[in-house]
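Below you'll find the structure, written out as structure tokens, and then a few comments.
The values are calculated or read from the model by the stated rules, or taken from the named source; none is laboratory data. Since the structure is predicted, the reported quantities are computational estimates derived from the model, not experimental observations. Glycine also receives a Cβ, built like all others from the backbone with ideal geometry; neighbour counts cover every protein chain displayed.
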Amino acid sequence: MKRPSFQQPLEIHVDPKALLRVAGAAILVFVAIVLGSTGTYIVQPGFRGVQVTLGKVTPKFKAEGFGFKQPFLTHIQPVSVRQQTRTMPAECYSSDLQQVKAQVNVLYRIPEQAVVRIFQEFAGDPFDSLIAPRVQEALKEVAAAQSAEMIVKRREEVKLKALDLARHKVGTNFLEIVDVVLYNLSLTPELEHAIELKMVQEQEAEKAKFTQTKAQIEADTAIIRARGEAEAIQVRGEALRASPDFIRLQIVQTWDGRSPLVVGADGGGSLLLSGDALKRHTPTTTNRPPRAVPFPRNP
């Protein structure tokens with residue numbers, strides 16, 4: 001009976017130099033990746049970069065795009081130069097000591113020449129510490145010179161004055177306030193009722209004034225018409241007195257083509273009646289034609 005034979009274990013020989021070369025290459029790749037990520041920067045569009053090296057800020061900002069910096073020592077802080085919009089509540093008092101509340105939208109942007117200064121003084125966001133207090137202060141100063149009713153009626157004028165004053169307080173070279181929008185103006189319920197009542201009274205007064213003006217115009221028109229008719233009658237009378245033939249002309253112009261009838265009249269005179277006038281004066285119960293009366297003869 002044969003005994004089982006055991007195979008000898010395989011021996012793997014590793015070259016220490018090759019292992020060191022692989023480890024060295026891996027370390028070099030890792031270092032290259034780290035240096036590449038910490039030694040470069042990218043500033044996105046609409047932003048400017050502020051370079052900070054060991055706590056010291058470089059006076060010149062970094063433009064948008066790709067660049068190199070010192071690894072581990074330098075940090076590039078992005079600051080937006082796009083237009084931004086922030087909402088804030090506002091509360092002020094009018095010249096008649098009425099409380100006015102409103103919501104304010106502030107549109108602003110940071111000029112690129114002020115990026116480094118804004119970052120140093122306000123950590124890149126100047127709204128809460130600079131813009132909001134200045135806008136609030138400007139609104140209070142403008143509202144203090146207007147009554148509550150005028151603030152509601154002249155909202156656009158109040159906005160423009162507050163915008164100009166806020167720009168002056170902040171400084172146009174330091175920070176650009178593009179616009180200020182006021183909305184949701186609210187007053188006390190008593191004041192709102194009083195303003196509404198006053199507006200109704202003003203509308204009624206305007207309506208009454210319009211009615212009075214209309215009546216005055218109609219009266220003036222009637223007077224002018226009557227004056228014209230009186231003058232026309234006066235001219236016609238003067239024409240009749242100056243030219244008796246004018247009467248015959250008027251008779252001819254108004255004749256309807258029918259021969260007039262001569263009838264007797266009280267006092268021994270005679271009248272000229274047209275056929276239509278005779279029909280109007282003739283009773284309807286008789287069919288007899290009217291009796292003609294001859295002209296009286298002179299003795």
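Give the residues of the stretch 153-170 that are out of contact with any Asp or Glu (no Cβ under 9 Å at 6 or more places or on another chain) and either at pLDDT 90 or above or buried (at least 16 other Cβ atoms within 10 Å of the Cβ) (or both), sorted by residue number. Step through it out loud before you land on a result.
At the first step, the residues of the stretch 153-170 found to be out of contact with any Asp or Glu (no Cβ under 9 Å at 6 or more places or on another chain) are 153-158, 160, 164, 168.
Selection gives E156, E157, V158, L160, D164, H168.
Each residue in the stretch 84-123 was checked for being among the small types (G, A, S) and touching a helix residue (DSSP H, G or I) at 6+ places or on another chain (Cβ under 6 Å), and 2 pass. Here V170 clears all of (1) among the β-branched types (V, I, T); (2) within 30 Å of Q77 (Cβ to Cβ); (3) without any contact (Cβ under 8 Å) to a residue 40 or more places away in the chain except the condition numbered (3).
Identification of helices (runs of 4 or more DSSP H) wholly contained in the stretch 61-180 with 1 or more residues that are among the aromatic types (F, W, Y) and under 30 Å from V34 (Cβ atoms) yields 115-122.
Considering the stretch 17-61, and only residues there that are of a type in the set (G, A, S) and at pLDDT 90 or above, the residue that is farthest from R117 (Cα to Cα) turns out to be G46. When residues in the stretch 96-143 are screened for being surrounded by fewer than 17 Cβ atoms within 10 Å (Cβ to Cβ) and β-branched (V, I, T), 0 of them pass.
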